[in-house]
Amino acid sequence: MQSIPSQARVVIIGGGIVGCSVAYHLARRGCADVLLLERRQLTCGTTWHAAGLVGQLRATHNLTRLAQYTTQLYAGLERETGQATGFRQTGSVAVAASEARFEELKRGASMARCFGLEVQILSAGEARERWPLLSIEDVVGAVYLPKDGRCNPVDTTQALARGARMRGARIVEGVKVTGVLRAGGRVTGVTTDAGEVRADVVVNCAGMWGREVGAFADVSVPLQAAEHFYIVTEPIPGLPSGLPVLRDADARSYFKEDAGKLLVGWFEPVAKPWATEGIPESCAFEQLPPDLQHIEPLFAGAMRRVPILETTGVQVFFNGPESFTPDDRYLLGEAPELRGFYVAAGFNSIGIQSAGGAGKVLADWIIDGHPPFDLWDVDIRRCAPFQRNRRYLRDRTVEVLGLLYAMHWPYLQAESARGVRKSALHDRLLAAGACFGEVAGFERANWFAAPGVEARYEYSYGRQNWFAASAAEHRAVRETVGLFDQSSFAKFALKGPDAAGVLNRVCANQVDVPVGRIVYTQWLNERGGIEADLTVTREAEDAYLIVTACATQTRDFLWLTRSIPQEARAVAVDVSSAYAVLGLMGPKSRELLQALTDADLSTAAFPFGTSRIIDLGYARVRASRITYVGELGYELYIPTEFAQSVYDVIVEAGARFGLRLAGYHALNSLRIEKAYRHWGHDISDEDTPIEAGLAFAVAWEKPGGFLGREALLRQRAGGVRRRLAAFALERADRLLYHNEPIWRNGELVGKISSGMFGHTLGAALGLGYVASAAEPVSAEWVAAGRYEIEVAAERVPARVSLRPFYDPAGERVKC
Ligand SMILES: Cc1cc2nc3c(=O)[nH]c(=O)nc-3n(C[C@H](O)[C@H](O)[C@H](O)COP(=O)(O)OP(=O)(O)OC[C@H]3O[C@@H](n4cnc5c(N)ncnc54)[C@H](O)[C@@H]3O)c2cc1C
């Protein structure tokens, strides 16, 4: 039995590439009191059998930054530690066998350029020049990333471990963590089979064991292992050495030249979850039985792309387990359930290429107490508590492995493990033709199919099959009245004599307002970054209702509860499930609602920005005059069990007012015309209200100030170097989604943060930050530019505005 210290500042659980990277980066930041515990031997989990591909292009800017950093780190690690890593930058080629795939690749290439990655778009012939064994009969085009690389995962892990040890970290093999110690909502250490270790911070880097290790501390770590297959061929005479990695997503295959042989791996559409009841105790350097029947169709696809495989023998049929998460993104950061307990797990088969960056930012997060930049895509706070449910994970894992190489269509919806969370109105919406999308397990109507039309997505990069239906919903909201089911909103009650004081410190806007007022506000961190974007309604002197997005339910509730000082007389309760929400929006909304209630709805009696309890049908509901679509309208907060009866009376009365059910795609189109920001896309914890154009919602001088004020004041005095603006494409045949590069006078100045077609304006719209390193970004600077947005490698002229394109004065909202 190994002897271990009884105390360490940080204990890391797991000695795969991720745990070693976290140890390395903590030590490099000067935090050497680190103890890494590995139950068996370093790399014995998933790391040892990885194919070693190190690509750089990820779905978002910041994840690409992390992958880019990984390649830079691995390139210098051998020099630094003396331990070989096998790292080589041979580049990668991705081929497209359809126009749609080529558009996906070209959109990726545009994004890559915007992120500073070197990338070339190739014809089929040029792709074959780079990869001579390629069959290009059906190849439409390809992209080449010259700086992508490959490494030896075991050696790279050893190099990270050596680098950590050189700086004082201790790495102990053969010690299993058996429990997590906690006191007062904080982690205090771990129990192991070699004794107890007290610690301030514990990091769960246990790979596919991560869910079980999380459960030691009642922390939800939603991941599930699945089988992952590759083969290695016999030596292929004449196979050029140093070939780029080849990816053919249409054939679900990747190819890596390896010492004169080819390693060929797959991401099949229907995967095989493994060890759903828990990872066996004996698991170390595990090889699962090959399943030739399972890989046969995949092999056939690979042979079509690289015909020499037809006449080449196979030396190794490999099958190893790797962990997958419900949305194919890894889990990083401090767990919401327990202070000081961090997670870096669930790497969805990109753990080697992610480990460098993930280790670095997690070390920064631990030492600084916050992430170094916006990491929402991988932040563990995005997960809903139900997602640790084993059956859900098993069923979703069947699909997510294959999604890595599936077409990444705009608006793509998962097909597995659906119907988890449903609004009380779900069945009514379904009967009315709703096509649902899912957010954190919540089914939400995205659009409504006309009678006789199947409510099903037909995906493309152009106008999808729901375009016309959604346009009609949009028009109803602008011209008559639309009804949205927004029950998925997260809702928190904050009550107590100190509620106003507590909340006013958290909110940048003034929320110590008369009862019945609604306040739009941001919650800021001490750097002035936007942690949350929400509305606060004062229900009583000592009671508030806080409403935020479904996707940020866990994160925002955590921010709120952690902001309540221990001595404060205020209690926060998550009341999301207590209320259904209907958004009744459009110029006829008042008339329609007035037909159903005795309450006086006139502007004088019930102006914009106020909220009251009114009779509606046989129910009492909270009506709030607020909007996310830029029209006169009401959000109705209805106790859940009354939702159906209220819905029925509205729909029945609505016919004569031209009422139309509307979905989230229409909502998105309406809100982007008004340039209403969306947290997670247009605003994040690294954007300030000044940069985001939200300074109007900052109560600079309110008594007592607010968290983040000092940082904002500094920025206001110094001027900003980036600003959010609205863009409209001059050509109607191209659509914007997100991440499209923004060019100003021929210079790259930013990227689109969210995009949608605006049906009233008749143009593809986007919001996006424009930045200048050289000078402050003033309104004049923005207006003086000539703009183009790059869509799939083609620049399209665009109009710009700092104000909303639609109803910039907000007259329609306040009438
Ligand atoms: C066939 C295959 C090919 C792949 N190819 C690539 C590729 O080309 N590129 C790429 O980027 N990724 C690839 N991957 C994915 C990559 O291998 C993983 O994402 C990565 O290795 C995960 O590293 P990790 O440190 O999170 O997990 P692991 O390597 O599994 O490390 C976790 C460690 O935690 C230890 N542990 C667990 N519980 C405890 C406990 N209670 N106490 C102490 N220790 C504990 C385990 O023993 C294990 O060593 C591939 C995966 C597979 C299966």
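Read the figures in this text as sums done on the coordinates, not as results from a lab. Small disclaimer: the values here were computed from a predicted structure and weren't measured. Cβ placement follows ideal geometry from the backbone for every residue including glycine, while neighbour counts extend to all protein chains displayed.
Quick notes
- Shape analysis of region 372-428 yields a ratio of the Cα radius of gyration to the Kirkwood radius, Rg/Rh, of 1.01.
- Separation in nanometres of the label points that stand 7 Å from Cα toward Cβ, at residue 317 and residue 450: 5.3
- Distance between the 7 Å Cα→Cβ label points at residue 809 and residue 121: 4.4 nm.
- Residue exposure sequence - 787, 628 - by fewest surrounding Cβ within 10 Å: 628, 787
- Residue-span extension gain [residue 29 to residue 656] - 0.36 nm each, minus C-alpha spacing: 219.1 nm
- Shape of region 584-634 from the C-alpha gyration tensor: prolate (a/c of 1.5 or more and a/b above b/c, with a ≥ b ≥ c the square roots of its eigenvalues).
- log10 of Debye I(q)/I(0), alpha-carbon scatterers only, for region 1-90 at 0.20 Å⁻¹: -1.17
- Three-way shape label, region 604-756, alpha-carbon gyration tensor, a/c 1.5: oblate
- Set of region 1-42 residues, backbone N closer than 18 Å to the point 7 Å along the Cα-Cβ line of residue 183: 6-11
- Rounded Å value of the spacing that divides the Cα centres of region 463-492 and region 633-652: 16
- Spread of Cα-to-Cα distances over 10 Å intervals beginning at zero, given as percent, for region 700-753: 17, 35, 22, 19, 7, 0
- Three-way shape label, region 337-401, alpha-carbon gyration tensor, a/c 1.5: oblate
- Sorted largest first, extent of region 735-780 alpha carbons per principal axis (Å): 36, 21, 17
- Residue-averaged 222 nm ellipticity for the chain, from DSSP H runs of 4+ at -39500 (n - 2.57), nearest 500: -7500 deg cm²/dmol
- FRET E, pair residue 613, residue 463, Förster distance 41 Å, beta-carbon r, rounded to 0.05: 0.45
- 3J(HN,Hα) from dihedral phi, region 480-492, Karplus parametrisation 6.51/-1.76/1.60, rounded to Hz, x for glycine, proline: 10, 7, x, 10, 10, 8, 10, 4, 6, 3, 8, 9, 10
- The Rg/Rh ratio for the chain, using Cα coordinates for both the radius of gyration and the Kirkwood hydrodynamic radius, is 0.97.
- Full extension of the segment from residue 339 to residue 695, taken as 0.36 nm per residue of separation minus the current Cα-Cα distance, would add 125.0 nm.
- For region 81-121, projected area of the alpha-carbon convex hull averaged over all directions, nm²: 4.2
- Annotation: for a label point projected 7 angstrom from Cα along Cα→Cβ of residue 72, residues of region 341-361 with backbone N closer than 16 Å are 354-361.
- Looking at region 213-274, the pairs of alpha carbons with a distance over 19 Å make up 51% of the total.
- From the alpha carbon centroid of region 265-313 to that of region 715-738 is 45 Å.
- Amide proton proximity set for residue 87, modelled H, under 5 Å, gap of 5+: 152
- FRET efficiency for the residue 300 to residue 170 pair, using the beta carbon distance and R₀ = 30 Å, is estimated at 0.05.
- Over all orientations, region 259-314 has a Cα convex hull whose mean projected area works out to 5.6 square nanometres.
- Listed by chain and number, the aspartates and glutamates whose alpha-carbon sits under 14 Å from that of residue 814, ignoring those within fewer than 8 places in the same chain, are 631.
- Charge dipole (region 591-724, unit charges on Cβ, about Cα centre) - positive-most of 700, 596, 630: 700
- Equivalent-ellipsoid semi-axes of region 397-550, from the Cα gyration tensor, Å, largest first: 36, 20, 15
- Across the chain, Cα pairs under 8 Å and at least six residues apart give a relative contact order of 12 percent.
- Using the Cβ-Cβ distance between residue 282 and residue 527 with R0 set to 45 Å, the FRET efficiency works out to roughly 0.45.
- Distance cut-off 21 Å, percentage of C-alpha pairs in region 288-412 lying past it: 54
- The string of couplings for region 651-656 from the Karplus curve (6.51, -1.76, 1.60, θ = phi - 60°) is 5, 5, 6, x, 3, 6 Hz, one whole number per residue in order, with x for Gly and Pro.
- Dipole magnitude of region 700-747 about its Cα centre (Cβ charges: Lys, Arg +1; Asp, Glu -1), debye to nearest 20: 240
- Label-point separation in nm, residue 390 to residue 241, each point 7 Å along Cα→Cβ: 4.9
- Annotation: extensible slack from residue 191 through residue 779 equals 205.9 nm (criterion: 0.36 nm per residue apart, minus Cα-Cα distance).
- Taking a straight line from the alpha carbon of residue 751, these lysines sit under 20 Å away, with near neighbours fewer than eight places off in the same chain left out: 106, 674.
- Semi-axes of the equivalent ellipsoid for region 401-448, Cα gyration tensor, largest first, Å: 23, 12, 7
- Inverse mean reciprocal Cα-Cα distance (Kirkwood Rh) of region 593-677, Å: 13.9
- Computed on region 321-364, with alpha-carbon pairs under 8 angstrom and 6+ residues apart, the relative contact order is 38 percent.
- Set against the 2.2 N^0.38 Å expectation for a compact globular protein, region 429-486 has a Cα radius of gyration ratio of 1.14.
- Taking amide H as placed 1.01 Å from N in the peptide plane, the amide H of residue 435 sits under 5 Å from that of 446, 447, 448, 449, each at least 5 places away or on another chain.
- For region 671-731, the dipole from Cβ point charges (+1 on Lys and Arg, -1 on Asp and Glu) about the Cα centre works out to 140 debye, to the nearest 20.
- Under 17 Å from residue 256, Cα to Cα: aspartates and glutamates that are on another chain or at least 8 residues apart: 129, 148, 234, 248, 310
- Region 662-694 and region 605-632 have Cα centres lying 22 Å from one another.
- Rg to Rh, two decimals, where region 689-802 supplies the alpha carbon set and Rh follows Kirkwood: 1.05
- Relative protection proxy for 188-197, 773-782, from highest mean packing down: 188-197, 773-782 (other beta-carbon atoms within 10 angstrom).
- Placing +1 on each Lys and Arg Cβ and -1 on each Asp and Glu Cβ, with no other charges, gives the chain a dipole about its Cα centre of roughly 1240 debye.
- Cβ crowding within 10 Å averaged over residues, with 83-95, 713-725, 215-227 ranked highest first: 215-227, 83-95, 713-725
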